[in-house]
Amino acid sequence: MLSKRIVSCLDVRDGNLAKSVKFVNTKDIGDPVSTAKRYYENGIDELVFYDITASSDKRDIMLDVVSRVAAQIFIPFSVGGGLRSVDDCKKVLLAGAEKVNVNTAAVARPELISEASAAFGAQCVVLSMDVLAVPKSTSITSGYEIVTHGGRTRTAMDAIAWAKRGEKLGAGELVVNSIDADGTKEGYELRLTRMMAEAVGIPVIASGGGGTPEHLYQVLTEGKADAALVASILHYGEYSIREVKEYLKKKGVPVRMT
Amino acid sequence: MISIIDYKAGNLTSVKRALDFLGIECTITGEANVIRKSQRIIFPGVGNAASAVPVIRERGIDSALAEAFRAGTPILGICLGTQIILSRSEEGDTECLGLIKGNVARFNLSDPSLKVPHMGWNELLIRQKHVLLKDVAPGTQMYFVHSFYPLPSDASAVIAECEYGITFPCAIGARNLFATQFHPEKSGPAGLSILKNFAAWEPEKC
């Protein structure tokens, strides 16, 4: 039986782990590769590196991070942040990433999804979306709107409609990040995640709000997610990957034990 | 020296990176003559059988592989490489190399909640002892990304299976050939053990 995946997300700025992530294990501050390697050795199923470097002339630093990860970590990982063209995507794939993650650039220019999918295959293209709960309206019938720039920019796009369009354009997977739940550690947005999982035929990775193993259990069962993205609960050292997986396994969720 | 066959299908460098990490010498090549003379061959690939097979024939990689197989050279197929080793693929109804008799079928699953491609970690159900799997503990999961799967005509070619709505072969082999539908190079330490064992594999001469 296919396992539900636990995916860890690492934000990288100028080649360092972003300062907003407060690590308990201080010796690892600053190096995304050693943290990723520790997660790999502890049984994480997949990794996402998100480049939040502000200036584009420092993009090559990220490529160096990607190639260092690829040289020592042998599970799938995706890279996102600042990928605006097929050429940008190609660079991170050649550096060793398994998949590319597009978000704002795809909202601005949806053809980026189809171009990347045609060039590298749908399995390589992950469409990430930041979603805000809003009152239902004629343009946003689901009550969920796509936002960009960390929630500051509204797009007036219906999130479910965007997900279906993304799938049609050739995305192979969706990351659905709830802006409302993000950072709360009060649980994933189950209703949104389930609506997404039922609307598309590609895997859905739930993101935002995971604070306890119980939250992961909820989103992987009731929320119908194929995978759950975790950040702070691992980064803060509150739970180990093994603890999370043992909890899920005990509750009957298929997970990969190492 | 291990040759990793390049036929412009997907990211071959991930296999090379894994071998580099293990300290195993290898080279990426699309030259039939280099492949013919290799001590070992890895035939990887991600993508579409219908577009890959013409490239393989045009470059003479098909006959180089067939000769190497007959000569007893250890060969490891991965993902699309594994599918192309069989006789025919449903993907674009493509005639393939036929090193192992059988077909490649598309997942046609009755359960609508099972998504295609089959993507993620799934358990290897070992059906036959094989030296390349000697370090893979029962219950180990491997990483898969695929919509098609190999179906050898001869059941004795099935070395391991996997379950996804149906039970399908995910590791097949005959003599000096071993081929996986999953990605050993993306399957963590358990996957790497297969690559390591392949580099030392001495199949019995026939």
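Along each of its three principal axes, how wide is the spread of alpha-carbon positions in chain A, in whole angstrom units, largest first?
The Cα atoms of chain A stretch 51, 45, 34 Å along the principal axes, largest first.
Among A:147-155, A:203-211, what's the highest-first ranking by average C-beta atoms within 10 angstrom per residue?
Peptide ranking by packing, descending: A:203-211, A:147-155.
Out of all DSSP beta bridges in the range A:110-207, what portion is antiparallel? Express it as a percent rounded to 5.
45 percent
I'd like the mean, over residues of A:1-9, of how many other protein chain beta carbons sit within 10 Å of each residue's own Cβ.
4
Is the protein assembly as shown rounded, prolate or oblate when judged by the Cα gyration tensor, a ≥ b ≥ c being the square roots of its eigenvalues, rounded requiring a/c under 1.5 and prolate requiring a/b larger than b/c?
The shape class here is prolate.
Karplus couplings for the range B:53-67 from phi (6.51 cos²θ - 1.76 cosθ + 1.60, θ = phi - 60°), rounded to Hz, Gly and Pro as x?
Rounded to whole hertz, the list is 4, x, 5, 4, 5, 4, 8, x, 5, 4, 6, 4, 5, 4, 5.
Between residue A:153 and residue B:113, what is the spin-label point distance in nm, taking each point 7 Å from the Cα along the Cα→C-beta axis?
So the label points at residue A:153 and residue B:113 sit 3.8 nm apart.
Tally Lys/Arg at +1 and Asp/Glu at -1 over every other residue whose Cβ is under 14 Å from the Cβ of residue B:51; what's the total? Present the calculation step by step, with values, prior to reporting the outcome.
Working: positive: B:8, B:57, B:59; negative: B:58, B:91, B:93, B:95.
Cβ neighbours under 14 Å give a net charge of -1.
May I ask for the accessible area buried between chains A and B, both sides summed, probe 1.4 Å, to the nearest 100 Å²?
Chains A and B together bury roughly 2200 Å² of accessible area.
Can you work out the Karplus-derived ³J(HN,Hα) for every residue in the range A:183-197? Use 6.51 cos²θ - 1.76 cosθ + 1.60 with θ = phi - 60°, whole Hz, and x for glycine or proline.
Working through the residues one at a time gives x, 7, 6, 10, x, 6, 7, 5, 5, 4, 4, 5, 4, 5, 4 Hz.
Charges only on Cβ, +1 for Lys and Arg, -1 for Asp and Glu: so what's the dipole of the range B:63-118 about the Cα centre, in debye to the nearest 20? All intermediate terms of the calculation are to be shown ahead of the outcome.
Working: 5 positive and 6 negative charges, 29 e Å.
Taking the Cα centre of the range B:63-118 as origin, the dipole is about 140 debye.
Shielding by partners for A:73-79, please: the mean number of other protein chain Cβ atoms within 10 Å of each residue's Cβ.
Counting other chains' Cβ atoms within 10 Å and averaging over A:73-79 gives 6.
Looking at chain A, what % of its DSSP beta bridges pair antiparallel, to the nearest 5?
25 percent
Given H placed on each backbone N at 1.01 Å, which residues far from residue A:222 in sequence or on other chains put an amide H within less than 5 Å of it?
none
If the label point is 7 Å along Cα→Cβ of residue B:51, which residues in the range A:110-138 have backbone nitrogen under 13 Å from it?
Under cut-off, by backbone N: A:115-124.
Given Cα pairs under 8 Å that are at least 6 residues apart, what percent is the relative contact order of chain B?
With pairs under 8 Å counted, the relative contact order is 20 percent.
With charges only on Cβ, +1 for K and R and -1 for D and E, what is the dipole size of the protein assembly as shown about its Cα centre, in debye, rounded to 20?
Computed charge dipole of the protein assembly as shown: roughly 400 debye.
By how many nm would the segment from residue A:64 to residue A:236 lengthen if fully extended, with 0.36 nm per residue of separation less the alpha-carbon distance?
59.4 nm is the gain from fully extending residue A:64 to residue A:236.
Highest mean first, what order results for B:103-109, B:60-66 on Cβ atoms within 10 Å?
Sorting B:103-109, B:60-66 by mean packing, highest first, produces B:60-66, B:103-109.
Provide B:170, A:9 ordered by accessible surface of protein heavy atoms (probe 1.4 Å), highest first. Please report the intermediate quantities before stating the final value.
Details: B:170 0, A:9 25 Å².
From most exposed to least exposed: A:9, B:170.
Taking a ≥ b ≥ c as the square roots of the Cα gyration tensor eigenvalues, with a/c under 1.5 meaning rounded and otherwise prolate when a/b beats b/c, else oblate, which class fits the range B:35-156?
It comes out oblate by the Cα gyration axes.
With a 1.4 Å probe and every protein chain kept in, tell me what percent of the accessible surface of the range A:177-224 is carbon plus sulfur.
Numbers: 730 of 1700 Å².
So the carbon and sulfur contribution to the accessible surface is 43 percent.
Once you place label points 7 Å from the Cα toward the Cβ at residue A:41 and residue A:253, how far apart are they in nm?
Taking the simple label geometry, residue A:41 and residue A:253 are separated by 2.6 nm.
Quick check on the range A:56-190: of the DSSP beta bridges with both residues there, what percent are antiparallel, nearest 5%? Mind showing how you got there, number by number?
Details: 8 of 20 bridges.
Roughly 40 percent of the beta bridges in the range A:56-190 run antiparallel, per DSSP.
Do any of A:91/A:168; A:90/B:186; B:37/B:186 go past 23 Å between their Cα atoms, and which?
A:91/A:168; B:37/B:186
Is the shape of the range A:1-149 best called rounded, prolate or oblate, per the rule: a/c under 1.5 gives rounded, else a/b larger than b/c gives prolate, else oblate, with a ≥ b ≥ c the square roots of the Cα gyration tensor eigenvalues?
Cα axes put the range A:1-149 in the prolate bin.
Please turn the phi angles of the range B:156-167 into ³J(HN,Hα) values with the Karplus equation 6.51 cos²θ - 1.76 cosθ + 1.60 (θ = phi - 60°), one per residue in order, whole Hz, x for glycine and proline.
Using θ = phi - 60°, the values come out as 5, 7, 7, 9, 8, 10, 8, 10, 8, x, 10, 9 Hz.
Evaluate the distance, in nm, between pseudo-label points positioned 7 Å from the Cα of residue A:221 and of residue B:163 along their respective Cα→Cβ axes.
2.0 nm
Other chains near B:112-121: what is the mean number of their Cβ atoms within 10 Å of each residue's Cβ?
6
Applying 1/(1 + (r/R0)^6) with R0 = 41 Å to the Cβ-Cβ distance of residue A:139 and residue B:66, what FRET efficiency is obtained, to the nearest 0.05?
Efficiency, from the Cβ-Cβ distance: 0.10.
Cut-off 10 angstrom, C-alpha nodes, Gaussian network model of chain A. Which of A:42, A:16, A:101 fluctuates the most?
A:42
The values are calculated or read from the model by the stated rules, or taken from the named source; none is laboratory data. Source: prediction; values computed, not measured. FYI the Cβ positions are ideal-geometry reconstructions off the backbone, even for glycines, and counts take in every protein chain you see. Just the protein is used for accessible areas: all its heavy atoms, side chains included, with ligands, DNA and RNA removed. Shrake-Rupley method; radii C 1.70, N 1.55, O 1.52, S 1.80 Å.
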